Amino acid sequence: MNYRDLEAVRQIVNEATGLDISYAYEDLVFPEHGAFIIQFNEESTDKLHCYFHEDCIAKDAATIFANLKNETEKRKCELLREGAYNFEQVGDNIQIRFL
């Protein structure tokens, strides 16, 4: 398992969007409001993956992604846009479903 620099991701998200991180679990980082999530890459510490909530407006997602990508490039990292996600209630649990 690679080192995951949560502080660097927090700074990227904050500088690109003004949002803070509300939760981090394993390789996933959840910024406030849930419009997108960031996932660490297992093979490379300089790659991140970005997923947008299925309800995020396409124009807003494009703007947010461009801002995030700009901030990651300043840190010599790569941000890859991966697709969409949603939350699904399964019994008493909530699961992330990547679309």
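Only the coordinates and a few stated rules stand behind these numbers; no lab work does. Here the structure is a predicted model, which means the values were calculated and not measured. Cβ sites come from the backbone with ideal geometry, for glycine too, and all protein chains shown count toward neighbours.
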Final fewest-first order of ILE57, ILE37 on the 10 Å Cβ neighbour count is ILE57, ILE37
May I ask for log10 I(q)/I(0) of the stretch 6-98 at q = 0.15, 0.20 Å⁻¹, from a Debye sum over the Cα atoms as equal point scatterers with solvent left out?
-0.54, -0.95
Say the dipole of the stretch 54-96 comes from +1 at the beta carbon of Lys and Arg and -1 at that of Asp and Glu; which of ILE94, ILE57, THR72 then lies farthest toward its positive end?
THR72
Length gained when the stretch TYR23-TYR3 is fully extended (0.36 nm per residue, less Cα-Cα span)
5.4 nm
Check which residues have an amide H placed less than 5 Å from LYS47's amide H, if you skip close sequence neighbours.
ASN41, GLU78
Dipole moment magnitude, nearest 20 debye, the chain about Cα centre, only Lys, Arg, Asp, Glu C-beta charged
320 debye
Be a star and scan the stretch 12-28 for residues whose amide nitrogen sits under 19 Å from the point 7 Å along the Cα-to-Cβ vector of SER44.
12, 27-28
